[in-house]
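The values are calculated or read from the model by the stated rules, or taken from the named source; none is laboratory data. If you're wondering where the values come from, they're calculated on a predicted model, not measured in any experiment. Counting neighbours? That spans all protein chains shown, and the Cβs are built from the backbone with ideal geometry, glycine included. For the accessible areas, the whole protein counts, side chains as well, though only heavy atoms, and no ligand, DNA or RNA atoms are used. Shrake-Rupley method; radii C 1.70, N 1.55, O 1.52, S 1.80 Å.
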Amino acid sequence: MAAGSCLLLLLLPSLVTTSHSPPGCKIRITSKGLDLVKQEGLRFVEQELQNITVSDLHGNEGKFQYNISQVKVTDLQLAFSDLNFQPQQHLVFNINDASISLRFRRQLLYWFFYDIGSINASADGVHIYTVLQLAKDEAGRLKISNMTCNASIARMHAGFSGTLRKVYEFLSTFIVTGMRFLLSQQICPSLEHASLVLLNSLLDTVPVRNYVDEHIGIDYSLLRDPSVSTETLDLDFKGMFFPRVREDQELENHAVEPVIKETERMVYVAFSEYFFDSAMHSYFQAGVLTIELQGEKVPKDLEVLLRATFFGTIFMLSPSVDAPLRLVLQVSAPPRCTIKPSGTSVSVSAFLNISLVPPDRPPVQLSSMAMETKLSAKVFLQGKALRVQLDLRRYGWGPMGAWGESPPHPTHNCFLLSRFRIYSKQSALESLALFSLQAPLKTLLQLTIMPIINERTKKGVQIPLPEGMDFTREVVTNHAGFLTVGADLHFSKGLREVIEKYRPAPTAAAYSSFRPAEPSLDPSSL
């Protein structure tokens with residue numbers, strides 16, 4: 001018993017660590033962002049309520065027989081509405097003192113008198129209170145998991161016309177009471193379908209696990225249910241890249257967890273060093289961090305310098321003196337990202353093999369040198385794509401602008417000073433001889449290799465937002481171990497437009513079963 005207790009105590013720290021895996025990407029939606037969502041959501045609710053289907057109302061009172069059919073919503077006034085974050089309940093949508101105008105068809109039979117026409121009605125003092133609970137599903141996607149709704153109508157009025165107007169006014173108590181009950185019973189089912197079906201189809205457009213390019217993919221699955229306060233909603237995403245050749249590969253996250261404290265903008269997206277490290281690790285595992293230059297692809301000035309540097313070795317290789325040069329640059333370990341308040345950098349270790357390639361003969365290696373470099377990284381948004389541009393040039397500034405340069409554009413994060421050095425893998429003496437190659441090789445990397453790398457990363461990776469929602473006025477800010485992107489939001493497409501795009505086409509049977517029956521004009525049917 002004591003041994004079991006000791007084992008449990010030893011396992012407890014690991015269980016706690018497992019239950020709270022740090023996110024590689026975190027998104028915060030603030031109350032300002034929720035206000036924008038409310039505006040678009042209110043239009044969506046109006047459209048849904050206008051499509052309410054109310055069952056026919058029929059009955060008799062003494063010698064009177066009546067039938068109310070073809071009920072249609074003609075106008076909505078949702079003047080007082082609110083959408084708020086609420087801890088534990090997540091989202092609360094409240095509509096007060098709304099009005100709904102209706103028009104429906106009437107049929108009346110009294111002895112031998114038959115009357116037909118239309119009725120205009122108004123439901124006033126409509127109150128709708130809905131609570132949406134959010135959770136992650138089995139696939140790690142954000143979903144509306146549950147909805148509670150309460151709808152009531154304070155009063156309803158109906159206007160009658162026609163030859164039997166007085167009779168209808170006598171029957172108005174029965175008709176209005178019945179219509180008020182039927183209408184109030186249809187509001188919540190309509191909103192429940194809109195939330196659990198239609199809005200969840202919109203959330204299906206958020207990328208969870210998809211391919212970035214032909215080499216790697218990204219896993220944006222949620223790690224846990226949303227965390228909701230009165231002012232914010234926080235989402236913790238895995239934010240891990242994976243090589244497509246080994247999609248089940250997992251990279252442990254030991255990076256600093258992003259912490260978002262700001263609430264001034266509509267949305268904040270934070271990325272830890274793990275997010276970028278997993279991308280570079282995946283590219284390394286995919287075997288694509290190798291670049292080869294041969295023959296005419298080697299810059300002429302560098303070729304002359306290399307031939308002069310290795311003149312003795314080349315001279316001893318006659319008749320291969322005029323053979324073309326080949327340079328193979330291969331990253332030797334997964335690059336690592338470092339994010340500091342002063343900027344972002346990527347540390348890279350690589351091997352550079354320089355060889356002669358005589359025709360019809362095996363290559364002759366002239367040198368194999370190790371390279372270590374720290375690249376400056378510029379992180380920015382383009383649309384919904386996060387992009388990284390690498391550079392070897394000396395950018396940066398110290399306190400009071402010590403480098404004499406103005407800070408970068410506010411939507412970009414600042415640069416760190418780049419670093420570059422090479423040394424021989426064979427001997428210290430050869431490393432000394434290679435010193436003269438350091439500046440030309442750095443220029444080679446900047447002018448030849450860096451454009452190739454940046455072209456590969458030009459597409460960027462999409463940030464997990466629903467289709468039709470985009471960023472504006474982005475600002476990138478660096479912190480210790482992570483960076484944040486603060487932005488406002490705007491809808492480039494309406495909710496209805498996106499939902500209709502992905503709505504499955506109804507079958508003929510389903511359509512006929514939900515379509516209200518046409519009323520009969522034959523008095524005998526009453």
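Laid out as a table, the results:
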read-out	value
Segment 32-104: trypsin sites (Lys or Arg not before Pro) falling in loop per DSSP and having at most 15 other Cβ within 10 Å	63
Projected label distance in nm at residue 231 and residue 72, using a 7 Å step from Cα toward the beta-carbon	4.8
Carbon/sulfur fraction of accessible area - segment 32-204, other protein chains in place, 1.4 Å, %	50
Positive-end residue of 83, 179, 151, charge dipole of segment 32-204 with Cβ unit charges	179
Built amide H within the under 5 Å cut-off of residue 465, gap 5+	none
Amide H contacts under 5 Å for residue 225, placed H, 5+ residues apart	136
Label point 7 Å beyond Cα of residue 497 along Cβ direction - residues of segment 32-60 with amide nitrogen under 19 Å	36-48
Within segment 22-161: Cβ-based charge dipole about Cα centre, in debye rounded to nearest 20 (Lys, Arg +1; Asp, Glu -1)	320
Taking segment 32-204 and dividing mean pair separation by its residue count, relative contact order in percent (alpha carbons under 8 Å, at least six apart)	19
